[in-house]
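A.B. asks: Input: one structure, supplied below.
The values are calculated or read from the model by the stated rules, or taken from the named source; none is laboratory data. Every value quoted in this text rests on a predicted model; they were computed, and no experiment measured them. Cβ sites come from the backbone with ideal geometry, for glycine too, and all protein chains shown count toward neighbours. Surface areas here come from the heavy atoms of the whole protein model, side chains and all, with no ligands, DNA or RNA. Shrake-Rupley method; radii C 1.70, N 1.55, O 1.52, S 1.80 Å.
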Amino acid sequence: MYNEKVIDHFQNPRNAGEMFDPSGVGEVGNMKCGDIMKIFIKVENDRIEDISFLTFGCGAAIASSSMLTELVKGKTLDEAMKITNMDVANHLGGLPEAKLHCSNLAADALHKAIEDYRSKVQ
Amino acid sequence: MKRIYLDHGATTPMHPQVLEAMLPFFGQVFGNPSSIHSFGREARRALEESREKTALALGAAPGEIIFTSGGTEADNLAIQGVAEALSGKGRHLITSAIEHHAVLDTFKALSKKGFEVTLLPVDRYGMVDPDDLVSALRDDTILVSVMMANNEIGTLQPIEELSRICREKGVYFHTDAVQAIGNIPVNLKELPVDLLSLSAHKFYGPKGVGALFVRRGTKLGKLFFGGGQEKKQRPGTENLPGIVGLAKAIELAVVDIPGKAAAMAALRDRLIGSLLEQIEEVQLNGHPVQRLPGNVNVSIKYVEGEGLLLDLDLKGIAASSGSACTSGSLEPSHVLMACGLDHQTAHGSLRLTLGHNNTAEDVDYAVEIIKGSVARLREMSLLYKNYRRKNDNPQTGEEETSCITKK
Ligand SMILES: Cc1ncc(COP(=O)(O)O)c(C=O)c1O
Ligand SMILES: [Zn+2]
């Protein structure tokens, strides 16, 4: 059902866990299936210096959270804002059809975290 | 890697004696039971012997057994068949909220064709209240269908009482016994059900073959049109290897049910006990006592079922879940919802169904693996972190995260 890359991110998630004293946090939930994720970012010089996630969800939800954190670490905020849920799925080598809308929320959570940070520094 | 199969509710491995009984029918004995030559007569003999064995195992008469392609077809034939045969008498049907989709969706289809369907509710253990049936029955009720044992939570229904109520009212009663056969004794001489569905692959027989018991005199329409097989009730050249396999499997399945069930229930209770004791925030779904001897269904809070299944599978443990993420439809199990579980609890459901080959070592090993998987997933679960924070310092703890809707 899942490809090897998805399984790898599920089994060895990158940047999983809570972050203390983050610059911004973003949380999204999928009311339909109930998956829910939170992204923590640490921003320095307009760049994402550190990022982590907490996710309650299926294998695809965990793998996409992990993939996202790997994708945007070190990117500028403007670059990170351009990342879409589809980019995350593509970098994972694709997700099963049924899982695409169910679990693929990581980019939304990231954008919320960036908005949270920006609203605080303004 | 050591692999342990704990999904016998989905299907069971064939018993070696069943395979042995079937093999000649893929080879030498290939005749069509409807042919009148010796090849056909040989096949016919095997077919009727299988019917006799199946009937004997259930306390039925051979003429009351119709072989089908499985449980789904048996359910469809029973429900659509009665609806068709009795539609002149009435158009009201009753079933329960926790039936298998083979039953529930058949009723749903009938409700679009002018039938009225009443769904009986269940209590938090998944049990139908006979009083609810009494109140739901009407003069135009033509069929009641309630499953004998639930496939997800294992709850056993009071079929004896429910069927007696219908018998007294002169209303046909069908039961889906797909999960029950081989696990609880069924004697149709005493049990006043009119129709009963079963499926061979749930009791160590082959897949793609089942049967419908139709009590003598019961009026029944049909799904298919064609030849004269199965008394024209189910035309089509018979799946003889499958039918021979079903008969052998049910013959073996009904030997010493109380003894086998007691042994399996002991294993089941060991598994339930370990999970409840060794993992925090776990609840048992289904009835604590009135349940299938091999069924364990728990909700492990703050962990999502599909992720848990995946992790367990990667470690060799085969299980299933009622989580929305496993369903394809994104809806959590209708059975768990009917029992009153909230979405999140249903999301963390894990079903482990034992079989005759499982041992106490399997159970203990599985518990260790499950403990590890749950700990790993909770470590990155937002809901678990929120729960811990709240638990560790109840004064300053944040509000529990609610499901925030995505635009
Ligand atoms: C209660 C119940 N009814 C019906 C079925 C369908 O049986 P089959 O797979 O033989 O069509 C199943 C199998 O999953 C079941 O558990
Ligand atoms: Zn999901």
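A.B. asks: If you look for lysine pairs in region B:257-392 that are eight or more places apart or on different chains, how many of them have Cα atoms under 20 Å apart?
C.D. replies: Details: B:301/B:371; B:301/B:385; B:301/B:390; B:315/B:371; B:371/B:385.
Value for region B:257-392: 5.
A.B. asks: Next question. Work out the count of Lys pairs in region A:4-121 where the Cα-Cα distance is under 23 Å, with the pair 8 or more places apart or on different chains.
C.D. replies: For region A:4-121, the number of qualifying lysine pairs is 28.
A.B. asks: For region B:16-253, what is the charge dipole size about the Cα centre, in debye to the nearest 20, if Lys and Arg each add +1 at the Cβ and Asp and Glu each add -1 at the Cβ? Could you put the intermediate results ahead of the total?
C.D. replies: Working: 26 positive and 28 negative charges, 161 e Å.
My answer is approximately 780 debye.
A.B. asks: So if I take the alpha carbon set of region B:16-253, get Rg, then get Rh from the Kirkwood formula, what is the Rg over Rh ratio? Before the final figure, lay out each step's value.
C.D. replies: Numbers: Rg = 17.8 Å, Rh = 18.1 Å.
Radius of gyration relative to Kirkwood radius: 0.98.
A.B. asks: Something else now. Excluding residues fewer than 8 places away in the same chain, name every one of the aspartates and glutamates whose C-alpha is closer than 14 Å to that of residue B:232.
C.D. replies: B:64
A.B. asks: So what's region B:1-101 giving for Cα Rg divided by 2.2 N^0.38 Å, two decimals? Before the final figure, lay out each step's value.
C.D. replies: Working: Rg = 18.8 Å, N = 101, 2.2 N^0.38 = 12.7 Å.
Rounded to two decimals, the normalised Rg is 1.48.
A.B. asks: Considering only DSSP beta bridges where both residues belong to the protein assembly as shown, give the percentage that are antiparallel (nearest 5). Kindly include the intermediate steps, with their values, before the conclusion.
C.D. replies: Values: 36 of 55 bridges.
DSSP beta bridges in the protein assembly as shown are roughly 65 percent antiparallel.
A.B. asks: Putting +1 on Lys and Arg Cβ atoms and -1 on Asp and Glu Cβ atoms, find which of A:117, A:12, A:59 reaches farthest to the positive end of the dipole of chain A.
C.D. replies: Of A:117, A:12, A:59, it is A:59.
A.B. asks: Could you work out how far the C-alpha centroid of region A:20-56 sits from that of region B:145-218, in angstrom?
C.D. replies: Using only Cα atoms to place each centre, the spacing works out to 51 Å.
A.B. asks: For residue B:136 and residue B:38, what does the FRET efficiency come to when R0 = 41 Å and r is the distance between their Cβ atoms, rounded to the nearest 0.05?
C.D. replies: Details: r = 54 Å, r/R0 = 1.32.
Calculated value: 0.15.
A.B. asks: Which one, B:46, A:98, B:120, is farthest towards the positive end of the dipole of the protein assembly as shown when Lys and Arg carry +1 and Asp and Glu -1 on their Cβ?
C.D. replies: B:46
A.B. asks: Taking a point 7 angstrom from the Cα of residue B:263 along the C-beta vector, which residues in region B:139-181 have backbone N less than 19 Å away?
C.D. replies: What the label zone holds, given the 19 Å backbone N cut-off, is B:181.
A.B. asks: Could you give the size of the charge dipole of chain B about its Cα centre, using +1 on the Cβ of each K and R and -1 on the Cβ of each D and E, expressed in debye and rounded to the nearest 20? Before the final figure, lay out each step's value.
C.D. replies: On the way: 44 positive and 49 negative charges, 206 e Å.
In debye, rounded to 20, chain B gives about 980.
A.B. asks: Considering only DSSP states other than H, G, I, E and B, which trypsin sites (Lys or Arg not before Pro) in region B:159-211 qualify as loop sites with at most 10 other Cβ atoms within 10 Å?
C.D. replies: Values: sites: B:164, B:167, B:169, B:189, B:202, B:207; in loops: B:189, B:207.
Listed in order of number, the matching sites are B:189.
A.B. asks: With bins 20 Å wide starting at 0, give me the P(r) of chain B over every alpha carbon pair, in whole percents.
C.D. replies: Percent of Cα pairs in each bin: 26, 52, 20, 2, 0.
A.B. asks: Work out the charge dipole of the protein assembly as shown with +1 on the Cβ of Lys and Arg and -1 on the Cβ of Asp and Glu about the Cα centre, then indicate which of B:355, B:187, B:228 is farthest towards its positive end.
C.D. replies: Of the listed residues, the answer is B:228.
A.B. asks: If you consider only alpha-carbon coordinates, what radius of gyration and Dmax does region B:257-392 have, in Å?
C.D. replies: Expressed in Å, the Cα Rg and Dmax of region B:257-392 come to 14.8, 49.
A.B. asks: Within the set of other residues whose C-beta is less than 12 Å from the C-beta of residue A:13, count the net charge using Lys and Arg as +1 and Asp and Glu as -1. Walk me through the intermediate numbers first.
C.D. replies: On the way: positive: A:14, B:376; negative: A:8, A:70, B:311, B:379.
Net of charged neighbours comes to -2.
A.B. asks: Once both axes come from the Cα atoms, what is the angle between helix B:71-86 and the longest principal axis of chain B, in degrees from 0 to 90, rounded to 10?
C.D. replies: Between helix and principal axis, roughly 60 degrees.
A.B. asks: Seen from all sides and averaged, what is the projected area of the convex hull of the Cα atoms in the protein assembly as shown, in nm²? Walk me through the intermediate numbers first.
C.D. replies: Details: hull surface 111.6 nm².
Mean projected area of the Cα convex hull: 27.9 nm².
A.B. asks: Here is a further query. If you wrap a convex hull around the alpha carbons of chain A, what volume per residue comes out, as a whole number of Å³?
C.D. replies: Working: hull volume 10.8 nm³, N = 122.
With only Cα atoms used, chain A gives 88 Å³ per residue.
A.B. asks: Something else about it: Would you look at the GNM of chain B, springs on alpha carbons closer than 10 Å, and say which of B:244, B:289, B:178 moves the most?
C.D. replies: Highest fluctuation of the listed residues: B:289.
A.B. asks: Using a 1.4 Å probe on the protein heavy atoms, what percent of the accessible area of chain A belongs to carbon and sulfur? Walk me through the numbers before you get to the answer.
C.D. replies: On the way: 2440 of 5030 Å².
Carbon and sulfur together cover 49 percent of it.
A.B. asks: Give, as a single signed number, the net charge of other residues whose beta carbon lies under 9 Å from the beta carbon of residue A:73, with Lys and Arg counted +1 and Asp and Glu -1.
C.D. replies: Numbers: positive: A:14, A:75; negative: A:49, A:50, A:70.
Net local charge, residue A:73 excluded: -1.
A.B. asks: Then there is this: Chains B and A: buried accessible surface, both sides, probe 1.4 Å, rounded to 100 Å²?
C.D. replies: Heavy-atom accessible area buried at this interface is about 2700 Å².
A.B. asks: At what distance in nm do the modelled label points of residue B:119 and residue B:390 sit from each other, each positioned 7 Å from its Cα along Cα→Cβ?
C.D. replies: 2.8 nm
A.B. asks: Let me ask another. Please report the antiparallel percentage of DSSP beta bridges with both residues in region B:84-238, rounded to the nearest 5.
C.D. replies: Values: 6 of 21 bridges.
Bridges in region B:84-238 are about 30 percent antiparallel.
A.B. asks: Give, as a single signed number, the net charge of other residues whose beta carbon lies under 13 Å from the beta carbon of residue B:164, with Lys and Arg counted +1 and Asp and Glu -1. Spell out each step's value before the answer.
C.D. replies: On the way: positive: B:167, B:169; negative: B:160, B:161, B:168, B:190, B:194.
Result for the neighbourhood of residue B:164: -3.
A.B. asks: Per Stokes-Einstein, at 4 °C and 1.567 mPa s, what whole-number D in µm² s⁻¹ belongs to region B:200-267, with the Kirkwood radius over Cα pairs as the hydrodynamic radius? Write out the running numbers ahead of the final one.
C.D. replies: Values: Rh = 14.2 Å.
Approximately 91 µm²/s, per Stokes-Einstein.
A.B. asks: Find how many whole Å separate the alpha carbon centroid of region B:267-323 from the alpha carbon centroid of region B:95-129.
C.D. replies: 26 Å
A.B. asks: Would you mind getting me the FRET efficiency between residue B:371 and residue A:86? Use the beta-carbon distance for r and R0 = 35 Å, nearest 0.05. Could the numbers behind the result be given before it?
C.D. replies: On the way: r = 37 Å, r/R0 = 1.05.
It comes out at approximately 0.45.
A.B. asks: Determine, from the Cβ-Cβ distance of residue A:78 and residue B:276 and an R0 of 56 Å, the FRET efficiency 1/(1 + (r/R0)^6), rounded to the nearest 0.05.
C.D. replies: On the way: r = 51 Å, r/R0 = 0.91.
With R0 = 56 Å, the Cβ-Cβ based efficiency is 0.65.
A.B. asks: Relative to the Cα centre, what is the charge dipole magnitude of the protein assembly as shown, using +1 at the beta carbon of each Lys and Arg, -1 at the beta carbon of each Asp and Glu, and rounding to the nearest 20 debye?
C.D. replies: Values: 57 positive and 67 negative charges, 285 e Å.
In debye, rounded to 20, the protein assembly as shown gives about 1380.
A.B. asks: Still on this model: With the other protein chains left in place, how much accessible area per residue, in square angstrom, belongs to chain B at a 1.4 angstrom probe?
C.D. replies: Details: 17030 Å² over 407 residues.
Per residue, chain B has 42 Å² of solvent-accessible surface.
A.B. asks: With each run of n ≥ 4 DSSP H residues scored as -39500 (n - 2.57), what mean residue ellipticity at 222 nm is computed for chain B after dividing by its residue count and rounding to the nearest 500 deg cm²/dmol? Please list the in-between numbers first.
C.D. replies: Values: 14 runs with 164 residues, N = 407.
Roughly -12500 deg cm²/dmol at 222 nm, from the helical runs in chain B.
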